[in-house]
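K.L.:
Got a structure here, written out as structure tokens. Questions coming.
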Amino acid sequence: MRLLVINPNSTASMTEKIGIAARGAASAGTEIIAVNPLGGPVSIEGYYDEALSVPGLLHLIQTTPGFDAVIIACFDDTGLDAARCLTDRPVIGIGEAAYHFASMIANKFSVVTTLARSVPALEHNLHKYGLATRCARVRSSEVAVLDLERPGSDACNRISAEIGRAVAEDRAEAIVLGCAGMADLAARLESTHRLPVLDGVTCAVKLAEAMVGLGLKTSRLGGYAPSPAHKLQATA
């Protein structure tokens, strides 16, 4: 099967990191197509960046042929509902995937994300998905997204310190990493803190494989019904 993994921001180094994580989780025979828009914000940190990145995300879905499922590799699940209106193939947000996985292996989990302005969007999504009561807290590490790409930054140490506080103060039983750019840190942090640390990219890959294997499709009734053709042309 072919999984289209879209990083909605325009930072190619992050897309490469996401692609490596996705391929590491994928089964034999699963092809990962990791892409990002050529334009748009270089990082997604809050509602404004999200809005700017949606047209590029939708354009990639419209113009990339032959995929079996789409993974939106931004933890805000940027443009998720709009993307589901473009295709009947499964469209999975890495935030939603990680939350569901965490809720099945722990009584409660905490999320450790980047900047404080990203926290409200994640809290909103948890309520939307019906999982707010399973999340002890959404925490900011005050690490800018692009610091995750900067060699020599103290991003991992700051995220690790926030995980320590989540365990001590929230009594979290698992941690969800709240940014696709943290994908390469999950194994190290899990070993350090000795509790499950979930990366949404890898969760989404395994979920996509399962959904494709089961032949599941996105409903074309109600809210995910396709838009009229003249409106679809406007996003290209």
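The values are calculated or read from the model by the stated rules, or taken from the named source; none is laboratory data. Remember, predicted model here, so these are calculated numbers, not experimental data. Because the Cβ atoms are built from the backbone with ideal geometry, glycine has one as well, and the counts that use them run over all protein chains shown. With ligands, DNA and RNA removed, areas are computed over all heavy atoms of the protein, side chains included. Shrake-Rupley method; radii C 1.70, N 1.55, O 1.52, S 1.80 Å.
K.L.:
Rank Met14, Met1 by accessible area, highest first, at a 1.4 Å probe radius?
P.N.:
Met1, Met14
K.L.:
Let me ask something additional. What is the set of long-range amide H partners of Val5 at a cut-off below 5 Å, with H atoms built 1.01 Å from backbone N?
P.N.:
Ile33, Ala34, Val35, Ile71
K.L.:
Right, here's the next one. Report, in cubic angstrom per residue, the convex hull volume of the C-alpha atoms of the chain.
P.N.:
Cα convex hull per residue, to the nearest whole number: 117 Å³.
K.L.:
Filter the GluC sites (Glu not before Pro) in segment 112-185 to those in DSSP coil with at most 15 other Cβ atoms within 10 Å of their Cβ, and list the result.
P.N.:
When the GluC sites (Glu not before Pro) of segment 112-185 are filtered for loop state and at most 15 Cβ neighbours within 10 Å, Glu142 remain.
K.L.:
Shifting gears a bit: Would you work out if segment 73-129 is rounded, prolate or oblate? Take a ≥ b ≥ c from the square roots of the eigenvalues of the alpha-carbon gyration tensor; rounded if a/c is under 1.5, else prolate when a/b is larger than b/c, oblate otherwise.
P.N.:
oblate
K.L.:
I've got another one for you. Per 0.36 nm of contour for each residue apart, how much would the distance between Asp81 and His127 grow if the chain were fully extended, relative to their Cα-Cα spacing?
P.N.:
That works out to 15.0 nm of additional length.
K.L.:
Along the charge dipole of the chain, which of Tyr224, Thr192, Val145 sits closest to the positive end, that is, farthest toward it, with unit charges on the beta carbon of Lys, Arg, Asp and Glu (+1, +1, -1, -1)?
P.N.:
Of the candidates, Tyr224 comes out farthest on the positive side.
K.L.:
How charged is the neighbourhood of Ile92? Take every other residue with its Cβ under 11 Å from the Cβ of Ile92, and add Lys/Arg as +1 and Asp/Glu as -1.
P.N.:
Residues near Ile92 contribute 0 overall.
K.L.:
Quick one: with all protein chains in place, what share of the accessible area of the chain is carbon or sulfur, to the nearest percent (1.4 Å probe)? Please report the intermediate quantities before stating the final value.
P.N.:
On the way: 5710 of 10280 Å².
Accessible surface attributable to carbon and sulfur in the chain totals 56 percent.
K.L.:
Still on this model: If I fit a long axis through the Cα atoms of helix 47-63 and take the longest principal axis of the Cα atoms of the chain, what angle between them do I get, 0 to 90°, rounded to 10?
P.N.:
40
K.L.:
Considering only protein heavy atoms, what per residue accessible area in square angstrom results for segment 47-168 with a 1.4 angstrom probe?
P.N.:
Averaged over the residues of segment 47-168, the accessible area is 40 Å².
K.L.:
Also: Using a simple spin-label model with points 7 Å from Cα along the Cα→Cβ vector, what separation in nm is obtained for Asn107 and Asn157?
P.N.:
If labels sit at Asn107 and Asn157, their model points lie 3.5 nm apart.
K.L.:
State which entries of Lys108/Lys128; Lys108/Lys217; Lys17/Lys128 exceed 23 angstrom in Cα-Cα distance in the structure shown.
P.N.:
Where the Cα-Cα span goes over 23 Å, the pairs concerned are Lys108/Lys217; Lys17/Lys128.
K.L.:
Please give the contour-minus-distance gain from His100 to Met1: 0.36 nm per residue of separation, less the Cα-Cα distance, rounded to one decimal in nm.
P.N.:
33.4 nm
K.L.:
Let's see if you can work this out: charge +1 on each Lys and Arg Cβ, -1 on each Asp and Glu Cβ, no other charges. What is the dipole magnitude of segment 99-236 about its Cα centre, in debye to the nearest 20?
P.N.:
500
K.L.:
With springs connecting C-alpha atoms under 10 Å apart, model the chain as a Gaussian network and identify which of Ile32, Ile71, Ile175 has the largest mean-square fluctuation.
P.N.:
Ile32
K.L.:
What is the spin-label model distance, in nm, from Arg23 to Gln62 if the labels are put 7 Å beyond Cα along the C-beta direction?
P.N.:
Between Arg23 and Gln62, the simple spin-label model gives 3.0 nm.
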